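Step one of this worksheet: look at the structure below.
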């Protein structure tokens with residue numbers, strides 16, 4: 001069984017993912033295929049039960065309101081009662097993928113696909129706030145783009161402290 005993220009005592013971004021959820025070489029050359037690969041990783045890891053429903057929710061949301069940022073990172077997400085705990089799959093594209101949604105098409109190389117419980121707010125907020133700070137951390141983004149393996153990428157995420165440490169989180 002693949003390693004599962006442990007969000008109970010989460011203190012870094014690495015606590016919301018695992019090596020098996022990191023794809024350092026996405027095969028897809030478009031948004032839909034990249035999302036399919038990341039959804040598959042979440043399903044294989046046992047984080048989502050209905051991969052097709054999750055995939056459709058994620059891609060539909062992206063088509064309506066793109067999560068792509070000008071720094072080359074996209075943060076698609078799905079909140080679902082079928083997700084037990086906050087986690088994410090991370091994919092890196094060798095060449096930029098044109099991430100199309102809404103009225104925008106931006107080149108993206110890193111994709112963080114978040115699986116979020118419908119009711120858990122504290123871990124959700126902490127993870128989103130922490131991921132939201134990545135675009136300003138250009139050194140980390142460059143190191144994630146240069147890392148050779150999922151092991152190296154996970155090690156880099158271990159260095160990203162959560163925006164809301166465990167003791168500061170509260171259930172809303």
Quick one: in segment 55-71, which of the residues that are in a helix (DSSP H, G or I) and touching a strand residue (DSSP E or B) at 6+ places or on another chain (Cβ under 8 Å) is nearest to residue 108 (Cα to Cα)? 62
What residue, of 102, 91, 72, 45, is modelled with pLDDT of 90 or more and on the phi > 0 side of the Ramachandran plot? 72
Quickly run through segment 54-76 and pick out the residues that are loosely packed, with under 15 Cβ neighbours inside 10 Å and in contact (Cβ under 8 Å) with a residue 12 or more places away in the chain. 63, 64, 65, 70
Qualifying positions in segment 84-113 - more than 17 Å from residue 145 (Cα to Cα), in contact with a helix residue (DSSP H, G or I) (Cβ under 8 Å, 6 or more places away or on another chain) and without any contact (Cβ under 8 Å) to a residue 40 or more places away in the chain: 102
Considering only segment 30-54, state which residues are under 20 Å from residue 16 (Cα atoms), touching a strand residue (DSSP E or B) at 6+ places or on another chain (Cβ under 8 Å) and assigned to a helix (DSSP H, G or I). 34, 35, 37, 38, 39, 41, 42, 54
Pick out the one residue from 96, 24 that is in contact with a strand residue (DSSP E or B) (Cβ under 7 Å, 6 or more places away or on another chain) and either within 21 Å of residue 159 (Cβ to Cβ) or surrounded by 19 or more Cβ atoms within 10 Å (Cβ to Cβ) (or both). 24
Taking the stated definitions as given, is residue 110 modelled with pLDDT of 90 or more and under 16 Å from residue 18 (Cβ atoms)? no
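The values are calculated or read from the model by the stated rules, or taken from the named source; none is laboratory data. Just so it is clear, the model here is predicted, and its values are computed rather than measured. For neighbour counting, all protein chains shown are included, and Cβ atoms are generated from backbone atoms with ideal geometry for every residue, glycine included.
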